[in-house]
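The values are calculated or read from the model by the stated rules, or taken from the named source; none is laboratory data. These numbers come from a predicted model, not from an experiment. Here the Cβ positions follow ideal geometry from the backbone for every residue, glycine too, while neighbour counts run over all protein chains shown.
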Amino acid sequence: MARRLRTATAMFPGVYHWGTLVLPRGGISLGRPATLGMPALAPDDRVGGGQAKGLRILMVEDDIALANMYALRLRRDGHDVTTVHDGESGLEHAIYGDYDLVFLDINLPRLDGISLLQQMRATEKGSDRPVVILSNYSEPPLLIRGEELGVRRYLVKSEVTPAQIAASVHDWSAS
Amino acid sequence: MDALLHVLQYASAIAFGFLGVVSVIDLVRQPSRRRAYVAMALGMLALVSAIGRVTALVGSPAWLTDANLAAFQLSAFGLLLLRNSFIKVPIWGWLVAIAALGGSVGASILVGNPPAPATPTPLQATAVLAVVSAWIVVVVEPSVRFALASRGLPVVQRRRMQALSFGYLALVLVLLTVFLPRRTTNTPTVQIATSLFALVIAPALYAGFSPPRWLRRVWRESEEEPYREAVRELLLYSADRAALAHRSLDWALRLVGADFGMVLDGDGVLLAVTGASADVAAERAHRLLGEGNSFVGPDGGLVGSAIVLPLPLDNGKGYLMVEAGPFTPLFGQEEVLRLRQYAAALTASLDRTRVAERVIALEEVKSRFLKLASHELRGPLALVKGYLSMVVDGSLSSEELQRVMPMIQARLEQMTGMLNEMLDTARLEDDRLELKPERFDMRHAVTAVAEALKPLAGPQRPVTLSLPEHEVPVVADRARVETIVTNLIDNAIKYSPRGGHIDCIVEVRDGDALVAVTDHGIGIAREDMTTLFTRFGRVTSDATVSIPGTGLGLYLSRELARLQQGDLTAHSEAGHGSTFTLQLPLAA
């Protein structure tokens, strides 16, 4: 059953607009209701680090400076963040490591994010690991592919702030 | 009345005789299987007609009558052979035809033929009827087939096949009169009517297998308007080359009534073939393009039973070739002239599609580039925006801010550089790029660039400068020259992911100032060298996917060098690094 949906990027009004997209099933709002970018739901910075337990987070991102930036922010909230910078080691970590949440870039050296995800889903441990795509690319075919591979959320790097990401990691990692 | 009947009978005999002679001459001039069948069918009819006149004059010995019957049946067999060459006759068809034709003749010879004036016995009459029936049966089938097969053919072929069908069916009608009671057919009126009717058969058959030029022109007139329409469409409509060639070839065949045709592209590729297998076309193409091709003059024209016209396309000399089939007319100068005009239109439209294809390809490249560039810009934007938001919400300490500031600045510089490259490229295309030449020392410019890039290179990629002791004066736009050198050193840094020293050598050679930048990075594969300097021609591989860049740098650098009477060249070995050399003329 086809459902008319707005793509993830259109959730940030005025920033980027791809129009509506017809997806075969489900939607791009994955797993949980959208909380990102809505001021009322974005918790105060200090709350996250307080009571909630720290998560083990894997960040697969080839831009080292960017990876460091996200890691810096997430570590402030008490999360344990591992950064890797290419697809192959990303896959290794995603399959064999013990992570509550994986942030995945698409354009990666050696193995691209979609292929990584595909191979990871084929393994037992990686089959239902929560994944959030964090990429510069947001073409509709990629969104659909990500959705098919069961990602929790598809984000465009330049449209989310580290604080917004930090505010939602618990939602995304919850099964 | 009798005299008139005689005149008519002789006229028709002469007409058939002429037909037979012409078909044989045609066969001798252009020997082919199908022409042999036509000559057999028509020649035998002529023979029958001639023997009929001879027996009327001198009486008929039995052997002559027998020979006459055999010739008559052979004419039908000739038509069947011709039909078989177009549409295969099944084996039982052959058996029936041979049994009917041969059996009836054999029976007729057995029972013996009556001398002309005598009344035949019932048995003899039956034998003659059997001969005529067999002939009719064997002839009607191909005639109807030809009439049916003519539909959908170009007008000239269509009319020819129709004329042939008409001629034979008319002959059948005349022969059917033998089945009528004698007292009806023996009246002079019926005989004259029959003879008059028989007289039109020969011209119809003649028009069928060898139509004169004026007749072909008359036939073609009905297609003139659709033809003009087609040429107009050909000139306006932007099909791809192969589709265009196919459609135009179809009309070329109609235009001259040819059987087989092909269009050969300027690069020797077969664009379209009609009326023959690809193998036949390939063989023709081979002969046309082959070494000792002396049979086609520079302007082309008639070559045997074909018309070959060169197409002066912008990718080389192509050919339009149409060939007469055994059943299509031999071409004359009129056909050559018509086809020549058509070939000119075809050349123009083929060239136009090439331009259109190029524009489309460039559009695709541009939109791919736009996508790439916008994604490239999203990276640094995310970083700057991210850190800024952290400063604003207070989650970044001032020490941390101090630490990341240089990197944010570097990213902003990177974005500025990309944007400038894009702007300069756009200016270059509009010829709005203004150069401000000044005299400067190349050593100073290169030193300044190397100093500025040192932080980016880091300790793993030391940039070693090697400068001559004396001045290296050039007159050029210093800012643009620095852009080029920046690009070269920046590339050397970017494409040396595992580190390695970078050599930058300035020297003077043969009145030129040279700046050679050598790295020991990933190098460039041989097959990628061709796209290296093209606009948007960024070489992307697994190893380079995370290296930022728009792909404009080298294109822009080389254009900038060439605008200033210099050049930029590359030498590389995959896996072992690359050397890029900027060359600019020394100032006097």
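Return the pairs, sorted by first residue and then second, in which the second residue is surrounded by fewer than 24 Cβ atoms within 10 Å (Cβ to Cβ) and among the charged types (D, E, K, R), the first residue lies in region A:152-172 and is facing chain B (nearest Cβ under 8 Å), the beta carbons are less than 7 Å apart, and the residues are 6+ apart or on different chains. Final answer for the pair search is A:LYS157/B:ARG378; A:SER158/B:ARG378; A:SER158/B:LYS385; A:THR161/B:LYS385; A:ALA163/A:ASP45; A:ALA163/B:ASP393. Checking each residue in region B:20-53 for being among the β-branched types (Val, Ile, Thr) and either closer than 19 Å to B:VAL139 by Cβ or surrounded by fewer than 16 Cβ atoms within 10 Å (Cβ to Cβ) (or both) picks out B:VAL21, B:ILE25, B:VAL28, B:VAL38, B:VAL48, B:ILE51.
Kindly provide the set of residues from region B:344-394 that are of a type in the set (Phe, Trp, Tyr), more than 9 Å from every other protein chain (Cβ to nearest Cβ) and within 18 Å of A:THR161 (Cβ to Cβ), ordered by number. Give the steps one after another, and end with the answer.
Taking region B:344-394 and keeping what is of a type in the set (Phe, Trp, Tyr), we get B:369, B:387.
If we keep only those that are more than 9 Å from every other protein chain (Cβ to nearest Cβ) too, we end up with B:369.
Answer for region B:344-394, where residues must be of a type in the set (Phe, Trp, Tyr), more than 9 Å from every other protein chain (Cβ to nearest Cβ) and within 18 Å of A:THR161 (Cβ to Cβ): there is none.
Checking each residue in region B:72-92 for being free of Cβ contacts under 8 Å to residues at least 12 places away in the same chain, assigned to a helix (DSSP H, G or I) and surrounded by 14 or more Cβ atoms within 10 Å (Cβ to Cβ) picks out only B:ASN84.
Residue by residue, here is whether (1) surrounded by fewer than 17 Cβ atoms within 10 Å (Cβ to Cβ); (2) on the phi > 0 side of the Ramachandran plot; (3) at pLDDT 80 or above holds:
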site: B:VAL137; (1), (2), (3): yes, no, yes
site: B:VAL144; (1), (2), (3): yes, no, yes
site: B:GLN157; (1), (2), (3): no, no, no
site: B:ILE201; (1), (2), (3): no, no, yes
site: B:ALA204; (1), (2), (3): no, no, yes
site: B:TRP219; (1), (2), (3): no, no, yes
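Might you let me know whether region B:54-70 holds any residue that is among the hydrophobic types (A, V, I, L, M, F, W, C) and buried (at least 18 other Cβ atoms within 10 Å of the Cβ)? Yes, there is a match, as at least one residue in region B:54-70 is among the hydrophobic types (A, V, I, L, M, F, W, C) and buried (at least 18 other Cβ atoms within 10 Å of the Cβ).
Just to be sure before I move on: is B:ARG558 surrounded by 18 or more Cβ atoms within 10 Å (Cβ to Cβ), modelled with pLDDT of 90 or more and outside any strand (DSSP E or B) in the structure I sent?
Yes.
The set of residues in region B:457-488 being of a type in the set (A, V, I, L, M, F, W, C), modelled with pLDDT under 90 and crowded, with 16+ Cβ neighbours inside 10 Å consists of B:ALA457, B:VAL463. Just one of the listed residues (B:LEU311, B:LEU383, B:LEU350) is under 16 Å from the mean Cα position of the chain (by Cα), buried (at least 20 other Cβ atoms within 10 Å of the Cβ) and part of a helix (DSSP H, G or I), and it is B:LEU350. Reported count of residues in region B:249-285, each being modelled with pLDDT under 85, within 16 Å of B:GLU323 (Cβ to Cβ) and under 10 Å from the mean Cα position of the chain (by Cα), is 0. Among the conditions (1) surrounded by fewer than 16 Cβ atoms within 10 Å (Cβ to Cβ); (2) within 14 Å of chain A (Cβ to nearest Cβ); (3) in contact (Cβ under 8 Å) with a residue 40 or more places away in the chain, the only one that B:GLY316 does not satisfy is (2). Scanning region B:489-513 for residues that are surrounded by fewer than 19 Cβ atoms within 10 Å (Cβ to Cβ), under 13 Å from B:PRO468 (Cα atoms) and touching a residue at least 12 places away in the same chain (Cβ under 8 Å) yields B:ILE505, B:GLU507, B:VAL508.
Applying the criterion of being farther than 20 Å from A:ARG73 by Cβ, away from every other protein chain (no Cβ under 14 Å) and not hydrophobic (A, V, I, L, M, F, W, C) to the residues of region A:129-151, the residue that is surrounded by the most Cβ atoms within 10 Å (Cβ to Cβ) is A:GLY146.
Output the residues belonging to region B:411-435 that are surrounded by 15 or more Cβ atoms within 10 Å (Cβ to Cβ) and either under 27 Å from B:ILE493 (Cα atoms) or within 11 Å of chain A (Cβ to nearest Cβ) (or both). It would help to see each step written out before you state the result.
Keep residues of region B:411-435 that are surrounded by 15 or more Cβ atoms within 10 Å (Cβ to Cβ), which gives B:411, B:414-415, B:417-418, B:421-422, B:424-425, B:428, B:433.
Result: B:ARG411, B:GLN414, B:MET415, B:GLY417, B:MET418, B:GLU421, B:MET422, B:ASP424, B:THR425, B:LEU428.
Only a single criterion out of (1) loosely packed, with under 13 Cβ neighbours inside 10 Å; (2) over 25 Å from B:SER496 (Cα atoms); (3) within 14 Å of another protein chain (Cβ to nearest Cβ) is not satisfied by B:PRO406, namely (2).
The set of residues in region B:432-485 that are in contact (Cβ under 8 Å) with a residue 40 or more places away in the chain and of a type in the set (S, T, N, Q) comprises B:GLN460, B:THR464, B:SER466, B:THR483.
Conditions (1) in a strand (DSSP E or B); (2) within 14 Å of chain B (Cβ to nearest Cβ); (3) of a type in the set (Ser, Thr, Tyr), marked per residue:
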| site | (1), (2), (3) |
| --- | --- |
| A:ASP62 | no, yes, no |
| A:LEU72 | no, yes, no |
| A:THR82 | yes, no, yes |
| A:SER89 | no, yes, yes |
| A:ALA94 | no, no, no |
| A:ILE114 | no, yes, no |
| A:GLN118 | no, no, no |
| A:THR123 | no, no, yes |
| A:SER127 | no, no, yes |
